[in-house]
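Engineer: After the structure tokens below, expect a handful of questions from me.
The values are calculated or read from the model by the stated rules, or taken from the named source; none is laboratory data. These numbers were taken from a predicted model, which means no experiment stands behind them. FYI the Cβ positions are ideal-geometry reconstructions off the backbone, even for glycines, and counts take in every protein chain you see. To get the accessible areas, we keep the full protein, side chains included, count just its heavy atoms, and leave off ligands, DNA and RNA. Shrake-Rupley method; radii C 1.70, N 1.55, O 1.52, S 1.80 Å.
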Amino acid sequence: MPIFDISGDKLSAVEQKNFSLEKDLQMLIEKNLETVFNCRFVASEFSTGAQHAGRIDSLALSEEDNPVIIEYKKVESSELINQSLFYLHWIQDHKGDFEIAVQKRLGSDVKVDWSDVRVICIAPNYKKYDLHAVQVMGANIELWKYRLFSNDSIYLEEVFHASKSAATSATAIPTENGYKNPVMVEAGKKAALTRATAIYTFDERLEGKSEEIRELTATIREFILGLDESIEEVPKKFYVAYKVSQNIACMEVKGKNIKLFLKLKPSDVPDGTPNYRDVTAIGHYGTGDVEFTVSSESEFEPVKEFIAMAYNKVGG
């Protein structure tokens, strides 16, 4: 579907173009890593040494301090995926090299979380054979497609994510009356995948919690996942993150309430909003500077509009 310019009541198709050089695409993403993927830049053209004789296009650190590898192509190419997988295995065997690069760029107090390594491929298109190949490889890889337009706009779309693809084969969860809520079916698929592949699970966040808190957690979970089927649920050690290209919300399940950290600015929340706190300068586990504490469904109801706002602000 083309992109259209609006002039009064007239539409005109915007012509597609491409970057003159692959490096132009790389530089654009590197300078806008926080905006696009909410990552901190670590290095460009990072050498893998004389023995491996390669250069990783971009290295970054995610908002949750996980390593991020980004590779680019301005044309359709199977080489992109092969290179990315090679670098994924390389970095897992050379953690010290990456940690030194992080400390040089971001400071010695930054600690890398190796529980997950994110690999992002960016290209104008992918062959069907490549899409099939990454599905059976089992590696944590994301394929992103871009479109550059003559009005100086760029469109980025995730076309494949290993964990989301694998979740489609997981078992769904039926409800008591025999019917299946599609939102919770999808959550069940993602949870099944998490149990099989991740260090932490969603169920661990509910251990020892009361039935009231469990029900409130289910309500919040259903609402967030219902915003868009592309939203991914990622259990962490102390919270559960909900993300697209970056985190939208983080849910920390406590004994008597639930804390929600949203990817918003404190200025997005009106003064006097109940159950809200600005945590910009306060240490906390979840990512986001806006915190809501809710202990009932009635308290959660007004928070929904802010979750939807956070979703829209990161690009939905």
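Engineer: If I fit a long axis through the Cα atoms of helix 95-106 and take the longest principal axis of the Cα atoms of the chain, what angle between them do I get, 0 to 90°, rounded to 10?
Structural biologist: 80
Engineer: Any chance you could get the radius of gyration and Dmax over the Cα atoms of the range 3-160, in Å?
Structural biologist: 17.1, 60
Engineer: Could you please put 114, 90 in sequence from largest to smallest accessible area, using a 1.4 Å probe? Working shown, then result.
Structural biologist: Working: 114 55, 90 10 Å².
Of 114, 90, the descending order of accessible area is 114, 90.
Engineer: Taking 0.36 nm per residue of separation and subtracting the Cα-Cα distance, what length does fully extending residue 267 through residue 113 add?
Structural biologist: Details: separation 154, 0.36 × 154 = 55.44 nm, distance 3.04 nm.
Result: 52.4 nm gained on full extension.
Engineer: Out of the total accessible area of the chain (probe 1.4 Å, heavy atoms of protein only), what percent is carbon and sulfur? Let's see the in-between values first.
Structural biologist: On the way: 7970 of 16250 Å².
Of the solvent-accessible surface of the chain, carbon and sulfur hold 49 percent.
Engineer: Turning to a different aspect of this structure: Using r as the Cβ-Cβ distance of residue 254 and residue 97, and R0 as 35 Å, what FRET efficiency do you calculate, to the nearest 0.05? Let's see the in-between values first.
Structural biologist: Values: r = 39 Å, r/R0 = 1.11.
After rounding to 0.05, the efficiency reads 0.35.
Engineer: Along the Cα-to-Cβ line of residue 281, 7 Å from the Cα, sits a label point; which residues in the range 250-266 have backbone N less than 20 Å from it?
Structural biologist: 262, 264-266
Engineer: Summing Lys, Arg as +1 and Asp, Glu as -1, what charge do residues with Cβ under 10 Å from the Cβ of residue 282 carry, residue 282 excluded? Working shown, then result.
Structural biologist: Working: positive: 277; negative: 278, 289, 291.
Computed value for this residue: -2.
Engineer: Using the per-residue mean of other Cβ atoms lying within 10 Å as a proxy for protection, in what order, highest first, do the peptides 201-207, 105-111, 24-30 fall?
Structural biologist: Values: 201-207: 14.7, 105-111: 10.9, 24-30: 18.7.
Listed from highest to lowest mean packing, they are 24-30, 201-207, 105-111.
Engineer: While we're looking at this one, here's another question. Report, in degrees rounded to the nearest 10, the 0 to 90 angle that the Cα long axis of helix 128-137 makes with the longest principal axis of the chain.
Structural biologist: 60
Engineer: Could you give the semi-axes, largest first, of the ellipsoid that matches the range 203-315, computed as the square roots of 5 times the alpha carbon gyration tensor eigenvalues and rounded to whole Å?
Structural biologist: Values: eigenvalues 74, 54, 38 Å².
Each semi-axis is the square root of five times an eigenvalue, giving 19, 16, 14 Å.
Engineer: Separate question: Using 29 Å as the Cα-Cα cut-off, could you pick out the over-long pairs in 31/313; 95/243; 10/243; 10/263; 104/145?
Structural biologist: Working: 31/313 19 Å; 95/243 25 Å; 10/243 36 Å; 10/263 36 Å; 104/145 31 Å.
Going by Cα-Cα distance, 10/243; 10/263; 104/145 fall outside the 29 Å limit.
Engineer: Turning to a different aspect of this structure: Run the quick spin-label model on residue 199 and residue 237: label points 7 Å from Cα toward the beta carbon, then report their separation in nm to one decimal.
Structural biologist: 0.7
Engineer: Follow-up question, since we're still on this one. Counting each DSSP H run of 4 or more residues in the chain as -39500 (n - 2.57), what helix-only mean residue ellipticity at 222 nm follows after dividing by all residues, to the nearest 500 deg cm²/dmol?
Structural biologist: Numbers: 11 runs with 108 residues, N = 316.
Computed ellipticity for the chain at 222 nm equals -10000 deg cm²/dmol.
Engineer: As I understand it, the value is the acute angle between the Cα axis of helix 182-197 and the longest principal axis of the Cα atoms of the chain; what does it come to in degrees, rounded to 10?
Structural biologist: It works out to around 60 degrees.
Engineer: For residue 86, what accessible surface area do you get with a 1.4 Å probe? Give it in Å², rounded to 10.
Structural biologist: Taking all protein chains as shown, residue 86 has close to 90 Å².
Engineer: Per residue, how much accessible area does the range 203-315 have with a 1.4 Å probe, in Å²? Don't jump to the answer; show the numbers that get you there.
Structural biologist: Values: 5230 Å² over 113 residues.
Per residue, the range 203-315 has an accessible area of 46 Å².
Engineer: Starting from 0.36 nm per residue, how many nanometres of slack lie between residue 24 and residue 50 once their C-alpha separation is accounted for?
Structural biologist: Numbers: separation 26, 0.36 × 26 = 9.36 nm, distance 2.63 nm.
Stretched fully, the residue 24-residue 50 segment lengthens by 6.7 nm.
Engineer: Provide Rg and Dmax in Å for the chain, with only Cα atoms included in the calculation.
Structural biologist: 20.8, 62
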